[in-house]
Amino acid sequence: MKLSDFVVPDAIIPRLKASTKEAAVREIIESLQAAGSIPAKEVNSVVQAIMRREELGSTGIGHGVALPHTRHSAVKRPVGTVAISEEGVEFDAIDGEPVYIIFLVVSPVDRPGDHLRALDRASRQLRNEMFRRFLRQAKSKEEILELIEEADEQEFPG
Amino acid sequence: MHDPAGLHIRPAAAVAQAAAAYASDVRFCYGGREVDGKSVLDLLTLGAAPGTTVELVVIGADAEEAADHIARVWHEVLGASPGSANDEL
């Protein structure tokens, strides 16, 4: 699975406004809704599902990266997107540092394998320091999309 | 390595947090690759298949204690209930 298989380009957020975890998750889910990937009536439920997962342990996994995620009946295929925060989001990350890159994934309930592959793909690419740096420097949806497509082609070593 | 689909975020975070508590350098080796045991992203990409053996290398002043503790956490989070990890990654 490639990043571009599940990243919804219209939902990419180059400048996240939120500074707290729940507000950030909500802003991203609303962006996926605006892009037509999540029904409006399911927004609250998806946000809650992601926050419930966060209660089990933060997906803020260090290096300024978070991978919030859930499986939910609101989607028929894995959908996700990227949000970049200039100021950083307080995400209870395991290293205690703010998060600047949020890669959010929502998958259908009945496809745990796809969900795992999407998260695996995202974590593999995000392990590359250059990919993280370029994402943080990107100023537009187009630039971020270009980086994602480049990452898909090159498969950053790791 | 008992996890059916590789190392998930929660167990990886638990192992990395256990490793980070020590001054020693902590590395996990598998399939000719070596990753930083204090990095969740590194652990997530270790790519170890279920049922295989992963090598733990700890170097430093507190290495002995660190190796014991990290190995215990690894077994606790990965050996507990194979097959259940897909529910909450």
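The values are calculated or read from the model by the stated rules, or taken from the named source; none is laboratory data. In this text, all values refer to a predicted model and were calculated from it rather than measured experimentally. Here the Cβ is made from the backbone with ideal geometry for all residues, glycine too, and neighbour counts use every protein chain on show. Quick note on the areas: whole protein, heavy atoms, side chains included, nothing else; ligands and nucleic acids left out. Shrake-Rupley method; radii C 1.70, N 1.55, O 1.52, S 1.80 Å.
Which of the residues that make up segment A:1-17 are over 14 Å from the mean Cα position of the chain (by Cα) and closer than 19 Å to A:SER140 by Cα?
The answer is A:LYS17, and nothing else.
Could you count how many residues in segment A:75-93 are among the hydroxyl-bearing types (Ser, Thr, Tyr) and over 15 Å from the mean Cα position of the chain (by Cα)? Can you show your working first?
Taking segment A:75-93 first, the residues among the hydroxyl-bearing types (Ser, Thr, Tyr) are A:81, A:85.
Next cut, over 15 Å from the mean Cα position of the chain (by Cα) only: none.
Qualifying residue count, segment A:75-93: 0.
Mind listing just one residue for me: the one in segment B:32-52 that is open to solvent by less than 20 Å² (accessible area, probe 1.4 Å) and of a type in the set (A, V, I, L, M) and, of those, farthest from B:ALA16 (Cα to Cα)?
Per the criteria, the residue is B:ALA48.
Kindly indicate whether B:ALA61 is under 25 Å from A:SER58 (Cβ atoms), open to solvent by 30 Å² or more (accessible area, probe 1.4 Å) and out of contact with any Gly (no Cβ under 8 Å at 6 or more places or on another chain). Before the answer, list the steps.
On the way: under 25 Å from A:SER58 (Cβ atoms): no; open to solvent by 30 Å² or more (accessible area, probe 1.4 Å): yes; out of contact with any Gly (no Cβ under 8 Å at 6 or more places or on another chain): yes.
It is false that B:ALA61 is under 25 Å from A:SER58 (Cβ atoms), open to solvent by 30 Å² or more (accessible area, probe 1.4 Å) and out of contact with any Gly (no Cβ under 8 Å at 6 or more places or on another chain).
With the condition kept exactly as written, say whether any residue in segment A:55-68 is open to solvent by 10 Å² or more (accessible area, probe 1.4 Å) and away from chain B (no Cβ under 12 Å).
No: segment A:55-68 contains no residue that is open to solvent by 10 Å² or more (accessible area, probe 1.4 Å) and away from chain B (no Cβ under 12 Å).
Would you be able to tell me the number of residues in segment A:116-130 that are more than 7 Å from chain B (Cβ to nearest Cβ), of a type in the set (A, V, I, L, M) and buried (at least 20 other Cβ atoms within 10 Å of the Cβ)?
Adding up the residues that qualify gives 2.
Among the numbered criteria (1) within 14 Å of chain B (Cβ to nearest Cβ); (2) within 16 Å of the chain's Cα centre (by Cα), which one does A:LEU145 miss?
In the conditions (1) within 14 Å of chain B (Cβ to nearest Cβ); (2) within 16 Å of the chain's Cα centre (by Cα), A:LEU145 misses (1) alone.
For the subset of segment A:1-30 comprising residues that are part of a loop (DSSP other than H, G, I, E, B), among the charged types (D, E, K, R) and modelled with pLDDT of 95 or more, which member is nearest to A:LEU147 (Cα to Cα)?
Step one: of segment A:1-30, the residues part of a loop (DSSP other than H, G, I, E, B) are A:1-2, A:8, A:12, A:14-19.
Filter again for among the charged types (D, E, K, R), leaving A:2, A:15, A:17.
After this cut, where a residue has to be modelled with pLDDT of 95 or more as well, the list is A:15, A:17.
On the way: A:ARG15: 16, A:LYS17: 21 Å.
Result: A:ARG15.
Select from segment A:131-142 the residues that are open to solvent by 30 Å² or more (accessible area, probe 1.4 Å), more than 25 Å from A:GLU22 (Cβ to Cβ) and in a helix (DSSP H, G or I) and write down the one among them that is farthest from the other protein chains (Cβ to nearest Cβ).
For segment A:131-142, the residue satisfying everything is A:GLU142.
Looking at segment A:1-47, which of its residues are under 15 Å from A:VAL89 (Cβ atoms), of a type in the set (Gly, Ala, Ser) and open to solvent by 20 Å² or more (accessible area, probe 1.4 Å)?
Within segment A:1-47, A:SER19, A:ALA23, A:SER31 qualify.
For a quick check of your reading: which strands (runs of 3 or more DSSP E) sit entirely within segment B:19-64 and have at least 1 residues that are out of contact with any helix residue (DSSP H, G or I) (no Cβ under 6 Å at 6 or more places or on another chain) and within 14 Å of chain A (Cβ to nearest Cβ)? First the steps, then the outcome.
Values: elements: B:25-30, B:33-36, B:55-59.
Answer list for segment B:19-64: B:25-30, B:33-36.
Yes/no matrix, rows are residues, columns are (1) out of contact with any helix residue (DSSP H, G or I) (no Cβ under 8 Å at 6 or more places or on another chain); (2) in contact (Cβ under 8 Å) with a residue 40 or more places away in the chain:
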residue: A:ARG71; (1), (2): no, yes
residue: A:ALA74; (1), (2): no, no
residue: A:GLY88; (1), (2): yes, yes
residue: A:PRO108; (1), (2): no, no
residue: A:ARG133; (1), (2): yes, no
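Please specify each residue of segment A:73-97 satisfying the condition of being away from chain B (no Cβ under 13 Å), surrounded by fewer than 21 Cβ atoms within 10 Å (Cβ to Cβ) and of a type outside the set (S, T, N, Q). I'd like the intermediate steps shown before the answer.
The initial filter retains those residues of segment A:73-97 that are away from chain B (no Cβ under 13 Å), namely A:73-77, A:79-90.
Remaining after also requiring surrounded by fewer than 21 Cβ atoms within 10 Å (Cβ to Cβ): A:73, A:76-77, A:84, A:86-88, A:90.
Residues satisfying the conditions are A:LYS76, A:ARG77, A:ILE84, A:GLU86, A:GLU87, A:GLY88, A:GLU90.
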